[in-house]
1. Give the residues of the range 336-358 that are touching a helix residue (DSSP H, G or I) at 6+ places or on another chain (Cβ under 6 Å) and either assigned to a loop (DSSP other than H, G, I, E, B) or near the ligand (Cβ under 8 Å from one of its atoms) (or both), sorted by residue number.
2. List the pairs whose first member sits in the range 165-180 and is under 18 Å from residue 152 (Cβ atoms) and without any contact (Cβ under 8 Å) to a residue 12 or more places away in the chain, whose second member is more than 12 Å from the ligand (Cβ to nearest atom) and part of a loop (DSSP other than H, G, I, E, B), and whose Cβ atoms are under 6 Å apart, counting only residues at least 6 apart or on separate chains?
3. Among 48, 13, which is the only one that is surrounded by fewer than 18 Cβ atoms within 10 Å (Cβ to Cβ) and touching a helix residue (DSSP H, G or I) at 6+ places or on another chain (Cβ under 7 Å)?
4. Which of (1) within 16 Å of the ligand (Cβ to nearest atom); (2) outside any helix (DSSP H, G or I); (3) crowded, with 19+ Cβ neighbours inside 10 Å is the odd one out, the single condition residue 333 does not satisfy?
5. Within the range 131-166, work out how many residues are surrounded by fewer than 18 Cβ atoms within 10 Å (Cβ to Cβ), at positive phi and within 12 Å of the ligand (Cβ to nearest atom).
6. Residues of the range 224-244 being in contact with a helix residue (DSSP H, G or I) (Cβ under 6 Å, 6 or more places away or on another chain) and outside any helix (DSSP H, G or I), which ones?
7. What is the residue count in the range 275-304 for residues that are outside any helix (DSSP H, G or I) and in contact with a helix residue (DSSP H, G or I) (Cβ under 8 Å, 6 or more places away or on another chain)?
8. What's the number of the condition residue 107 fails, among (1) crowded, with 18+ Cβ neighbours inside 10 Å; (2) within 17 Å of residue 164 (Cβ to Cβ)?
Ligand SMILES: Cc1cc2nc3c(=O)[nH]c(=O)nc-3n(C[C@H](O)[C@H](O)[C@H](O)COP(=O)(O)OP(=O)(O)OC[C@H]3O[C@@H](n4cnc5c(N)ncnc54)[C@H](O)[C@@H]3O)c2cc1C
């Protein structure tokens with residue numbers, strides 16, 4: 001990464017220091033001030049053209065390189081994603097609408113995402129259709145007036161209580177294969193035909209939800225791409241989504257902070273624990289390099305599902321393994337000062353969040369299957 005990336009990193013850290021409270025652990029806590037912090041921080045980034053830095057200028061972006069976008073991802077995740085739920089709009093909803101949307105859809109949806117003003121949710125998973133997504137049962141039936149009536153249920157929908165729009169996958173017809181006959185609809189969440197029920201989890205409030213659709217009326221203008229051809233867009237979404245979060249950056253930041261937080265106690269930590277700590281730092285570097293490889297392949301259009309999966313396996317395992325090491329280190333924090341409290345809060349949050357990392361955006365078992373298939377197809381399995 002060039003000089004511009006270094007300057008950018010410094011600028012982002014300065015903005016985080018100035019505008020995000022030190023105790024901030026993400027937008028989705030019991031304290032409404034955290035959500036307000038994220039909303040304000042999005043506006044700050046948008047005003048400086050840092051929110052959608054790598055988007056093309058015609059869509060309100062800064063036309064920066066993918067490497068600069070990578071710096072943004074790293075700094076944001078390292079500091080508990082102060083963009084809140086809006087990161088999804090920047091990372092994949094916007095780019096997907098640029099690729100597949102009509103001019104009208106681009107005019108409607110891209111400026112509010114670029115301004116940090118709108119939250120999207122992803123209506124893919126259903127109670128019997130997570131890993132096997134194409135088995136979903138939410139159905140859009142022709143309404144006789146040129147549109148459709150959508151009914152069904154989604155689950156694990158992040159941010160649905162606060163989202164204004166839903167990126168919805170529904171069945172419009174039955175083909176030979178279950179991947180055929182699926183369609184993406186862009187639907188407003190304030191429609192009375194949509195009901196959201198929060199699910200209590202250890203990820204905190206406002207995060208996971210069930211979403212029910214009861215005769216939701218949609219038209220051709222709400223369809224993204226081609227009717228019945230939604231599966232190819234889903235594949236596109238996954239390739240953006242699976243590299244969109246730089247989990248290694250937070251692991252590295254917390255691991256690097258441990259020696260100074262422990263002070264003199266660091267020197268007397270069991271050698272075994274310090275050995276695990278060093279191994280985790282090495283794994284952070286490995287995940288970072290795999291992420292950079294994926295960014296390179298993605299920007300040259302040569303990425304395969306196996307490349308994104310290899311990164312996801314490394315980074316989600318790192319998330320969980322480093323959380324265990326950090327918990328063991330946190331147990332050794334002996335004093336009760338400001339820095340110790342900061343560290344304990346961060347580590348506890350990191351541990352809770354890491355538990356879901358090998359499930360969201362496709363479970364680690366499914367990633368292993370995708371990677372194996374891709375290696376076998378390339379002849380690497382021999
Ligand atoms: C924090 C979080 C946020 C999420 N946000 C969203 C969201 O915003 N929108 C959305 O649509 N979804 C979301 N999800 C859902 C997520 O995509 C699914 O949980 C995931 O795809 C797994 O599906 P499932 O939960 O139905 O588990 P299942 O598919 O039932 O899998 C259960 C277990 O069986 C294993 N398994 C399943 N099939 C196979 C197989 N063929 N071979 C080997 N093992 C298998 C899985 O690996 C897993 O360990 C979120 C999930 C989490 C945890």
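The values are calculated or read from the model by the stated rules, or taken from the named source; none is laboratory data. Values in this document were obtained by computation on a predicted structure and should not be read as measured data. So basically every Cβ, Gly included, is an ideal-geometry build from the backbone, and we count neighbours across all protein chains shown.
1. 357, 358 - these are the residues of the range 336-358 that are touching a helix residue (DSSP H, G or I) at 6+ places or on another chain (Cβ under 6 Å) and either assigned to a loop (DSSP other than H, G, I, E, B) or near the ligand (Cβ under 8 Å from one of its atoms) (or both).
2. Every condition considered, the pairs that remain are 174/181.
3. On inspection, the qualifying residue turns out to be 13.
4. (1)
5. Residues flagged as surrounded by fewer than 18 Cβ atoms within 10 Å (Cβ to Cβ), at positive phi and within 12 Å of the ligand (Cβ to nearest atom) within the range 131-166 amount to 0.
6. Hits for the range 224-244 are 224, 225, 242, 243, 244.
7. Applying the first criterion (outside any helix (DSSP H, G or I)) to the range 275-304 yields 300-304.
Checking the rest, the ones that are also in contact with a helix residue (DSSP H, G or I) (Cβ under 8 Å, 6 or more places away or on another chain) come to 303-304.
So the count comes out to 2.
8. (1)
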